[in-house]
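Data first, discussion second: the structure below is written as structure tokens.
No value in this document is a laboratory result; all are computed from the given coordinates. All figures in this text were calculated on a predicted structure; none of them were measured in a lab. Here the Cβ is made from the backbone with ideal geometry for all residues, glycine too, and neighbour counts use every protein chain on show.
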Amino acid sequence: MAWIFLLAAGALEVVWATGLKKLGLNFSWALGALTAVAMIASLTALYVAMLRLPLGIAYPIWTGIGSVGSIILSVVAFNQTLSMSGILGVTLLVAGMFLIGADAH
């Protein structure tokens, strides 16, 4: 169950990061409120996950999901381009998350 909360926390991190980007492009109070709710929900889900998972596993995976998810969304929604080194970096992030997660007992 802790892993489900951790995945949700990571997905919500992507949501609030995207909200911040969109707020920078075109501010709206409604989007600002939704972004703040996503931030609080992400941290709450991370807290629940950390009740069962060690800090050294939960936090890096949370930030990794947020990083990789934000990169993918940025490519899809904001037309960011990735070079081969960027693709390699994302691949290494994903591999690192799997390696860290495999260390959970």
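Quick notes
- Residue match in the range 34-47 (condition: in a helix (DSSP H, G or I) and in contact (Cβ under 8 Å) with a residue 40 or more places away in the chain): yes
- Here Ser74 fulfils each of the conditions (1) over 17 Å from Leu12 (Cα atoms); (2) in a helix (DSSP H, G or I) apart from (1).
- Of all residues in the range 2-28 being among the aromatic types (Phe, Trp, Tyr) and farther than 19 Å from Val75 by Cα, the one that is surrounded by the most Cβ atoms within 10 Å (Cβ to Cβ): Phe5
- When the range 1-33 is filtered for residues that are assigned to a helix (DSSP H, G or I) and not hydrophobic (A, V, I, L, M, F, W, C), the ones remaining, listed by number, are Gly10, Glu13, Thr18, Gly19, Lys21, Lys22, Gly24, Gly32.
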